[in-house]
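A.B. asks: One structure coming up, written as structure tokens, with questions to follow.
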Amino acid sequence: MSDGPESGTQDLPAIFGLSELARDGDLITRDPPPSELAGERGEKGDEARGDLAEDVSATVTEGALHIAAGGGPHIDAAGAQSRQAGAALSRGVTAPTRRGGSSRFLTDVIVEMGLVPQQKVEEAIEAARNTGARPERILLEGGALSSDGLARALAERHGLDHLDLNVYPVDMGAANLVSPSAAKRYQAVPVTFLDKRTLLVAMGDPSNILAADDISIMTGYDVRVAVAAPEDIAALIARLDRLEDAVADAVAGVEDLEDRRSEVVDLHDTADDAPVIRLVNQIVGQAVEQHASDVHFTPDGRELRVRFRIDGVLQDVTTVTRRMAAGVISRVKIMAELDIAEKRLPQDGRVGLSVEGRHVDLRVVTLPSVHGETIVLRILDKDSVVMRLEKLGMAVEERERFERAFKEAHGAVLVTGPTGSGKSTTLYAALQELNTPEKNIITVEDPVEYEIEGLTQVQVSNKVGLTFAAGLRAMVRADPDILMVGEIRDRETAQIAIESALTGHLVLSTLHTNDAPTAITRLTEMGIEPFLVASALDCVVAQRLVRTLCSNCKRRTIVSAQALRDNGYKAQVDLEVYEPVGCQRCAGSGYKGRSGIYEVMLLSPEIRDLALQRRPAEEVREVAMRQGMRRLRDDGLDKVREGRTSISELTRVLGTTG
């Protein structure tokens, strides 16, 4: 490749920006000659660009651009225009202190750069000996080292430039030279043209020489490697999945059919309909990639809106023209094996897909509306769901109270909250703790969202009469140790669950209430006798999900005491917290991921007495708080103080009262 883009191979020194490789293994570096520092971008005659590291370390002195990297040459750039061009190119680029890398251990580089104290690094090295993991990975997972810090250390270790892709001006023309699938496979993306034959490629793992060589072969360009944080690379790859292009391709592919039909209605796997099939596949693929929980196809009379629910919030993604809307709807219905001719009644189905090598289940629901059929896809991606209690965001005290309850030999444990608040995930995490060979665990769910090895999971089917109540009655006769009921919806299910808890079984279930104390009132209102509730119920957990602040862009701020009081907190002093900003890593939202907030109420003798007396939930709450229960708002405010979420997000989820 060194002779031009037509060549298919490239030597290692050229890939990593080195002049030569010494025979004894030592890396020898030189500054490239000035002729290599400039060139036209492609064949379009774009502005000349020089060596990145030298651009970064350049200092402007009295009309000349002094190249300070390694004692390199001085290049005259008296004009202000040249200085501005160099400054623009250097944005987001950090040069290494030495070129060509060194024989130093990566952990030594981390210490030298002041990223982690020596003691913590030594502890990680010792832990690595016992676990087989790499020390830097232990530091990363333990929170001592950020991914961006690791990327900077890798760049310094290998003598390469570090790119901050939140600042660096990425050339999407270069980035689109590789397909999203190839970029994901290599965790590498071209970010700019250094000259008409050389690409700068951002990589998360600069030691992956094969990836750099493959990208060189795929693109037909020489490759120069730089290092970027994996999150930045993933965010850039997500920008390559442009649904607008897929929509345009689908429309263009269907225009040829207009002489035979005015709109696509009945889809089959034919060459004519391939654009619509590709469009639907790309929408689903991008939703999975962005960790969306739901995909909404909503007609509005003019076009079909496509929205993703990411971290609990709906976001507009793209629109599909009216002519294509029926085709997209029909394609989704065919995938879920629904009746495409039935448009007047709601339907639901399920389909399994393989996305990027992992299995994903889709629950499909159709709903007739005045503008046409609306479709919602619920994405069930087991690989993306955290089913470990310590990872759910539950504080240590609350987790200990919860664990103490569900590790009892018998009794009922309820998790409450609105739809989509993570109740099932919490129950699955508890079941994972209880799942041992000597215990028979049976669940009845609607639907079975995630299959767990070692559990007997029963799917509710109302069509054949297998309701929650019917399934629970059968489960009690199947010699269970632990029962999990997906949801207590009616009196019959509640009665069987409570009675099962009294006859020696541990019962886990969910209930729709706003807080933990209200669960007692809800069960008695369903018709369960107070003495049964007081005897069987051991613990109630109420929960919500709040978005967590993006660690890359969150900003410190002061919230006044008055603002806190306006949001329902009895504050007397201002509070130092963090607020969302928005960056490339979080797609401009300021948030990335979600965490739970919880209140855990154990039923003490005093609370059981209140249940027997049918006392209101407010009295139960007061007693529970005196005995150590923290409200949802208290747990949420702690997470605000810790910088994990914001006051505005907490208010969005909980409101300003309560």
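The values are calculated or read from the model by the stated rules, or taken from the named source; none is laboratory data. None of the values given here were measured: they were computed from a predicted structure. Neighbour counts run over all protein chains shown; Cβ positions are idealised from the backbone, glycine included. In case anyone asks, the SASA skips ligands and DNA or RNA and just uses the protein heavy atoms, side chains included. Shrake-Rupley method; radii C 1.70, N 1.55, O 1.52, S 1.80 Å.
A.B. asks: Short version: what are the Cα gyration tensor semi-axes of the range 433-585, square root of 5 times each eigenvalue, largest first, in whole Å? Numbers along the way, then the final one.
C.D. replies: Working: eigenvalues 325, 95, 41 Å².
Semi-axes (√(5λ), whole Å): 40, 22, 14.
A.B. asks: Moving to a separate point now. When only DSSP loop residues count, what GluC sites (Glu not before Pro) in the range 418-483 have their Cβ near at most 16 other Cβ atoms within 10 Å? Don't skip to the end; give the middle numbers.
C.D. replies: On the way: sites: 433, 438, 445, 449, 451, 453; in loops: 438, 449, 451, 453.
Hits after loop and neighbour filter: 438, 451, 453.
A.B. asks: Can you give me the Kirkwood hydrodynamic radius for the range 413-511, using every pair of distinct Cα atoms, in Å to one decimal? Before the final figure, lay out the partial values.
C.D. replies: On the way: mean 1/r = 0.0745 Å⁻¹.
Evaluated over the range 413-511, this radius sits at 13.4 Å.
A.B. asks: Something else about it: Cα atoms only, the range 618-658: Rg and Dmax in Å?
C.D. replies: 11.6, 33
A.B. asks: On the principal axes of its Cα set, how long, how wide and how thick is the range 120-163? Give whole Å, largest value first.
C.D. replies: 33, 19, 14
A.B. asks: HN-Hα J couplings of the range 177-193 from phi, Karplus 6.51/-1.76/1.60, θ = phi - 60°, integer Hz, Gly and Pro as x?
C.D. replies: Result, rounded to whole Hz: 6, 10, 6, x, 5, 5, 5, 5, 5, 8, 6, 8, 9, x, 10, 6, 9.
A.B. asks: While we're looking at this one, here's another question. Treat the range 288-409 as a sphere of radius equal to its Kirkwood radius over Cα pairs and apply Stokes-Einstein at 4 °C in a medium of 1.567 mPa s; give the translational diffusion coefficient in µm²/s, rounded to a whole number. Walk me through the numbers before you get to the answer.
C.D. replies: Values: Rh = 16.6 Å.
Roughly 78 µm²/s, to the nearest whole number.
A.B. asks: Under the rule of at least 5 residues apart or a separate chain, name every residue whose amide H is placed under 5 Å from the amide H of residue 439.
C.D. replies: Placed amide hydrogens put nothing under 5 Å from residue 439.
A.B. asks: Sticking with this structure for a sec: Quick one: Karplus J couplings for the range 615-626, per residue in order, coefficients 6.51, -1.76, 1.60, θ = phi - 60°, nearest Hz, x for Gly and Pro?
C.D. replies: For the range 615-626, the Karplus curve yields 6, x, 5, 4, 5, 4, 4, 4, 5, 4, 5, 5 Hz.
A.B. asks: Using θ = phi - 60° and the Karplus form 6.51 cos²θ - 1.76 cosθ + 1.60, what ³J(HN,Hα) does each residue of the range 588-596 get, whole Hz, x for Gly and Pro?
C.D. replies: x, 7, x, 10, 8, x, 9, 9, x
A.B. asks: Could you please report the charge total around residue 569, scoring K, R as +1 and D, E as -1 over all other residues with beta-carbon less than 10 angstrom from its beta-carbon? It would help to have the intermediate numbers written out before the result.
C.D. replies: On the way: positive: 565, 570, 633; negative: 566, 634.
Result for the local shell: +1.
A.B. asks: Also, I was wondering about something else. What lysines sit close enough to residue 592 to cross-link, taking a C-alpha to C-alpha distance under 30 Å and skipping anything fewer than 8 places away on the same chain?
C.D. replies: Cross-link targets: 120, 184, 382, 391, 423, 554, 570, 639.
A.B. asks: Determine how many Å³ per residue the convex hull of the Cα atoms of the range 179-234 encloses.
C.D. replies: Numbers: hull volume 3.7 nm³, N = 56.
Per residue, the Cα convex hull of the range 179-234 comes to 67 Å³.
A.B. asks: What is the Cα coordinate range of the range 384-449 on the first, second and third principal axes, sorted by size from largest, in whole angstrom?
C.D. replies: Computed over the range 384-449, the largest-to-smallest principal extents equal 32, 31, 23 Å.
A.B. asks: Radius of gyration and Dmax for the range 333-389's Cα atoms, expressed in Å?
C.D. replies: Here Rg and the maximum Cα pair distance are 14.0, 45 Å.
A.B. asks: Also, quick follow-up: Run the accessible area of the range 394-515 with a 1.4 Å probe and give the carbon-and-sulfur part as a rounded percent. All intermediate terms of the calculation are to be shown ahead of the outcome.
C.D. replies: Details: 2390 of 5220 Å².
About 46 percent, which is the carbon plus sulfur part of the accessible surface.
A.B. asks: Any chance you could tell me what percent of the C-alpha pair distances in the range 117-252 go past 24 Å? Don't jump to the answer; show the numbers that get you there.
C.D. replies: On the way: 3433 of 9180 pairs.
It works out to 37 percent of all Cα pairs.
A.B. asks: Another one. Excluding residues on the same chain fewer than 8 positions from residue 343, give the lysines whose Cα lies under 26 Å from its Cα.
C.D. replies: 333, 463
A.B. asks: Averaging over every viewing direction, what projected area does the convex hull of the Cα atoms of the range 501-635 cover, in nm²?
C.D. replies: On the way: hull surface 42.8 nm².
Convex hull of Cα atoms, orientation-averaged projection: 10.7 nm².
A.B. asks: Under a 1.4 angstrom probe, counting protein chains only, how are 644, 477 ranked by accessible area, largest first? It would help to have the intermediate numbers written out before the result.
C.D. replies: Working: 644 90, 477 185 Å².
So the residues, ranked largest to smallest area, are 477, 644.
A.B. asks: Same structure again: The range 177-226 to the range 392-466: how many Å between their Cα centroids?
C.D. replies: 45
A.B. asks: Using modelled backbone amide H atoms (1.01 Å from N, in-plane), which distant-in-sequence or interchain residues come within less than 5 Å of residue 350's amide H?
C.D. replies: 364
A.B. asks: Pop out the Kirkwood hydrodynamic radius of the range 348-431 from its pairwise C-alpha distances, inverse of mean 1/r, in Å to one decimal. Show your work: numbers first, answer last.
C.D. replies: Working: mean 1/r = 0.0635 Å⁻¹.
Taking the inverse mean of 1/r over all distinct Cα pairs, the range 348-431 comes out at 15.8 Å.
A.B. asks: Taking 0.36 nm per residue of separation and subtracting the Cα-Cα distance, what length does fully extending residue 502 through residue 419 add? Before the final figure, lay out the partial values.
C.D. replies: Values: separation 83, 0.36 × 83 = 29.88 nm, distance 2.79 nm.
Full-extension gain reported as 27.1 nm.
A.B. asks: List the trypsin sites (Lys or Arg not before Pro) within the range 333-388 that fall in a DSSP loop (any state other than H, G, I, E or B) and whose Cβ has at most 13 other Cβ atoms within 10 Å.
C.D. replies: Details: sites: 333, 343, 344, 350, 358, 363, 378, 382, 388; in loops: 343, 344, 388.
Passing sites in the range 333-388 are 344, 388.
A.B. asks: Still on this structure, I have one more. Using only the alpha carbons of the range 564-606, what is the convex hull's orientation-averaged projected area in square nanometres?
C.D. replies: On the way: hull surface 23.1 nm².
Across all orientations, the range 564-606 yields a mean hull projection of 5.8 nm².
A.B. asks: Enumerate the amide H contacts of residue 199 below 5 Å, restricted to partners 5 or more residues apart or on another chain; note that Pro and chain-start residues carry no placed amide H.
C.D. replies: 194, 222, 223, 224
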